[in-house]
Amino acid sequence: MRSITRLMFMGTIVMATSIAAAAPPAIVTQGKGAAIACASCHGADGAGNAQAGFPVLAQLPPAHFAKQIADFKAGTRANPVMSPIAMAMSAEDIESSARHYAGQARPKAAAATADPAVIARGKQLAINGAWDRDLPPCFKCHAVDGLGVAPAFPPIAGQHAAYTVSQLQAWKTGARTNDPQTLMKTVAAKLTDDEIRAVADYLATIGTPGEGK
């Protein structure tokens with residue numbers, strides 16, 4: 001009986017340890033000083049908030065995540081919300097939040113709400129581009145189905161359409177400049193506003209392996 005009780009006790013300890021290990025780090029759930037909790041905007045699961053314009057962070061490669069925070073810190077990427085938060089994050093905060101979000105399941109893709117013709121146009125551009133205008137497809141860098149290629153090219157499948165639009169417009173106008181070798185600037189400059197919207201609407205409808213159910 002004593003050995004059974006001991007096994008049950010040890011099992012409880014192991015279970016409690018596993019749950020603790022899986023718990024989000026404090027920077028995600030509680031924040032620290034001027035760095036408000038990541039979950040306040042992006043959710044503990046990294047699903048973001050489409051209406052508020054907060055992007056999906058789930059499954060971002062840790063190195064890409066860390067680079068964006070570093071760019072906010074350095075001023076090479078600017079955002080009135082993220083810049084002061086990044087400034088308040090320590091190296092440990094960045095590493096722990098990056099690892100946490102990289103391990104989260106991608107949220108379920110949004111149902112298509114745009115005109116089917118718009119979605120079809122976005123799909124055509126994402127898969128085939130428009131080589132007559134020297135416009136490469138999104139998937140040339142971001143991989144088949146927009147799953148991303150770590151560390152430089154993040155997953156774009158299932159990203160909120162409004163966020164994708166905002167970033168493509170920022171690259172197009174020069175408001176965002178932290179892309180490697182100005183790749184995104186070059187691509188975005190060749191897209192019309194309607195094409196940007198079409199690509200964003202299409203990408204938002206793509207599911208990814210391991211997405212939330």
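Checking (1) 10.8; (2) 14.1; (3) 11.8 against mean projected area of the Cα convex hull in nm² calculated from these atoms, the matching label is (2).
Spin-label pair SER83-ALA23: with each label point 7 Å from Cα along the Cα-Cβ axis, the two points sit 3.5 nm from one another.
Per-residue SASA remark: HIS160, around 40 Å² accessible (1.4 Å probe; ligands, DNA and RNA not included). The count of lysine pairs in the chain whose Cα atoms are under 17 Å apart, excluding pairs fewer than 8 places apart on the same chain, comes to 8.
For the chain, adding -39500 (n - 2.57) for each run of n ≥ 4 DSSP H residues and dividing by the number of residues yields -15000 deg cm²/dmol at 222 nm. Put simply, the amide H of ASN49, placed in the peptide plane, has neighbours under 5 Å in PHE54, leaving out anything fewer than 5 places away on its chain.
Taking label points 7 Å from Cα along the Cα-to-Cβ direction, ALA70 and THR113 give a separation of 3.7 nm.
For GLY158, the residues whose amide H sits under 5 Å from its own are ALA204, THR205, ILE206, ignoring neighbours fewer than 5 places away on the same chain, with H placed 1.01 Å from N.
The length gained on full extension between LEU183 and ASP134, counted as 0.36 nm times the residue separation minus their Cα-Cα distance, comes to 16.4 nm. Amide H contacts of LEU191 (H built 1.01 Å from N, in plane; Pro and chain starts excluded): no residue 5 or more places away or on another chain comes under 5 Å.
The values are calculated or read from the model by the stated rules, or taken from the named source; none is laboratory data. All of these numbers come straight from a predicted model, not from anything done at the bench. All Cβ positions, glycine included, derive from the backbone under ideal geometry; neighbour counts span all protein chains shown. Surface areas here come from the heavy atoms of the whole protein model, side chains and all, with no ligands, DNA or RNA. Shrake-Rupley method; radii C 1.70, N 1.55, O 1.52, S 1.80 Å.
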